[in-house]
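Data first, discussion second: the structure below is written as structure tokens.
What follows is calculated from the coordinates using simple rules that are stated; it is not laboratory data. From a predicted model like this one, the values you see are computed outputs, not experimental measurements. Glycine gets a Cβ as well: all are built from the backbone with ideal geometry, and neighbour counts include every protein chain shown.
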Amino acid sequence: MTEPVLRFDESLGQRTRNGDWQHLAAGTYSVIGDKLDAEDWAAAADLIGVTIEEAAELREIYAEWPGEILGWLADQGTAPDAIEAARQRVSDLLRAEHGRTCDLAAEWDRYVALTSAGAQAATAQDSGAARARVEEARETWRQVHDYCVDEVYGLLDAVVRLRGEDALPGVWDHLMRDWYDDHAARLDVRRQPWTESARQLMTAIVHGFHGHLSGTDRQGGMTFLEEEDRFGFRFDPCGSGGRVIRDDTTGGRPRPAEPFSLAVTTRPHDWSFGQAGVQAYCVHCCLLNMVMPIDRLGYPTRVIEPPTWPAARTGAPCTWWVYKDPALVPAEVYERVGRPAPSSDSPSSASSPSPASSPSPASPSPVEAAGDGPP
């Protein structure tokens, strides 16, 4: 019996792809093409449909974050005319770069309609129509996604211009406050085995980066890695923060360079992986996956090796690691974000088995169904 290509994941609260980690590292749009080539119509239709679920949380946050950033600036006492001038600067940059403004709700509806048409064509065994509609849908989402990432990055740059570089963790703490609470409650080894937490973390990585359309071909692919003590996913680049600092994914117009001049850290910080050159959007990955969980749980949930500006301009990947046990995380990781390494009696799950083979439906369910936010 053929294994289904999708499964319902309670930690995500929605459907996601099924298979081992190596298989899941392939971009969903690439796998759709493979299924159409094989005339596996039902599998192709299912995979076409799940691309909407891979992108759905990103659509939600990109609708909310611009207003929340501007509101946060106002709450900090920033002058209204300064906020409006900063907003207008970002709007002008977006229009100049993308040739338009973006109606997120309308363009999302168009993307969903095209995706649905692609799934219907696959069900009808019309390969040509399915490929055409799927590619049109992917390109529609890519344009919307990239516009929204540029908008968020531009507004984070406004935070730096108006409040200073040291304000970045404050605005991100505000944007991610609900994620912090869920992440800390759900991934505590005292509440559920680390094997299940690692599975959830890795599932969220592949699901979310498919939605970000990672890779230079923007198919959503990544490279799966396994070492003795950890699993990894390498994005070259990720479709969000990594994309905007490279020549090959911005048409030679990376956003920290002119005419954008968007913010990167000018000196190392605990909240920027202990490095300068981390762009303002990528700061949230350090806070959510390393700083906050170390402070609340005693260990990082994911360990990230980010690209930095300007070296990344000519191409540099980002690698995310999930350790097979929190006790295996090296002291250097803690020191990188200004935290002391844990003592030997800190919470860990050294006796837990590894989640290496597959995030299968038979894996234990989490204690509560909730996402931990997109990467």
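I'd like to check something: does region 14-37 contain any residue that is touching a residue at least 60 places away in the same chain (Cβ under 8 Å), among the hydroxyl-bearing types (Ser, Thr, Tyr), under 30 Å from GLU165 (Cα atoms) and surrounded by 19 or more Cβ atoms within 10 Å (Cβ to Cβ)?
The answer is no; no qualifying residue exists.
Could you tell me whether region 98-108 includes any residue that is surrounded by 18 or more Cβ atoms within 10 Å (Cβ to Cβ) and not in a helix (DSSP H, G or I)?
Yes - at least one qualifying residue is present in region 98-108.
Looking at (1) among the aliphatic types (A, V, I, L, M); (2) closer than 24 Å to GLU151 by Cα; (3) in contact with a strand residue (DSSP E or B) (Cβ under 8 Å, 6 or more places away or on another chain); (4) surrounded by 24 or more Cβ atoms within 10 Å (Cβ to Cβ), find the lone condition where MET290 falls short.
Every listed condition holds for MET290 apart from (2).
Regarding ALA55, is this residue surrounded by fewer than 18 Cβ atoms within 10 Å (Cβ to Cβ) and within 30 Å of LEU24 (Cα to Cα)?
Here the answer is no, as ALA55 does not meet what is asked.
Among the residues that make up region 141-162, is at least one of them surrounded by fewer than 23 Cβ atoms within 10 Å (Cβ to Cβ), free of Cβ contacts under 8 Å to residues at least 40 places away in the same chain and not aliphatic (A, V, I, L, M)?
For region 141-162, residues surrounded by fewer than 23 Cβ atoms within 10 Å (Cβ to Cβ), free of Cβ contacts under 8 Å to residues at least 40 places away in the same chain and not aliphatic (A, V, I, L, M): absent.
Could you say which residue among GLY274, GLY251 is outside any helix (DSSP H, G or I) and farther than 30 Å from ALA185 by Cα?
GLY251
Tell me which residues, restricted to region 51-84, are free of Cβ contacts under 8 Å to residues at least 12 places away in the same chain, in contact with a helix residue (DSSP H, G or I) (Cβ under 9 Å, 6 or more places away or on another chain) and either under 16 Å from PHE209 (Cα atoms) or not in a helix (DSSP H, G or I) (or both).
The answer is ALA79, and nothing else.
Of everything in region 1-25 that's under 26 Å from GLU227 (Cα atoms), of a type in the set (S, T, N, Q) and outside any strand (DSSP E or B), which residue is nearest to the chain's Cα centre (by Cα)?
Filtering region 1-25 for residues that are under 26 Å from GLU227 (Cα atoms), of a type in the set (S, T, N, Q) and outside any strand (DSSP E or B), the one nearest to the chain's Cα centre (by Cα) comes out as SER11.
Collect the residues in region 306-335 that are surrounded by fewer than 17 Cβ atoms within 10 Å (Cβ to Cβ), in a helix (DSSP H, G or I) and of a type in the set (Gly, Ala, Ser), keeping them in residue-number order.
Those that are surrounded by fewer than 17 Cβ atoms within 10 Å (Cβ to Cβ), in a helix (DSSP H, G or I) and of a type in the set (Gly, Ala, Ser): ALA311, ALA331.
Can you confirm whether THR301 is of a type in the set (S, T, N, Q) and within 25 Å of VAL206 (Cα to Cα)?
yes
Pairs under 7 Å by beta carbon, first residue within 16 Å of LEU225 (Cβ to Cβ) in region 184-209, partner assigned to a helix (DSSP H, G or I) and charged (D, E, K, R), six or more apart or different chains?
Note: no pairs meet the criteria.
Among the residues that make up region 234-243, is at least one of them surrounded by fewer than 18 Cβ atoms within 10 Å (Cβ to Cβ), polar (S, T, N, Q), touching a Pro at 6+ places or on another chain (Cβ under 8 Å) and under 30 Å from ARG131 (Cβ atoms)?
no
Which numbered condition trips up ILE48, out of (1) out of contact with any strand residue (DSSP E or B) (no Cβ under 9 Å at 6 or more places or on another chain); (2) outside any helix (DSSP H, G or I)?
Every listed condition holds for ILE48 apart from (2).
Restricting attention to region 170-189, report how many residues are in a helix (DSSP H, G or I) and either of a type in the set (D, E, K, R) or surrounded by fewer than 18 Cβ atoms within 10 Å (Cβ to Cβ) (or both).
Of the residues in region 170-189, 10 are in a helix (DSSP H, G or I) and either of a type in the set (D, E, K, R) or surrounded by fewer than 18 Cβ atoms within 10 Å (Cβ to Cβ) (or both).
Let me confirm something: among GLN200, GLN192, which residue is out of contact with any Phe, Trp or Tyr (no Cβ under 9 Å at 6 or more places or on another chain), in a loop (DSSP other than H, G, I, E, B) and over 14 Å from ALA25 (Cα atoms)?
GLN192 is the lone residue from the list that is out of contact with any Phe, Trp or Tyr (no Cβ under 9 Å at 6 or more places or on another chain), in a loop (DSSP other than H, G, I, E, B) and over 14 Å from ALA25 (Cα atoms).
Could you go through region 87-97 and let me know if any residue there is within 22 Å of the chain's Cα centre (by Cα) and not small (Gly, Ala, Ser).
yes
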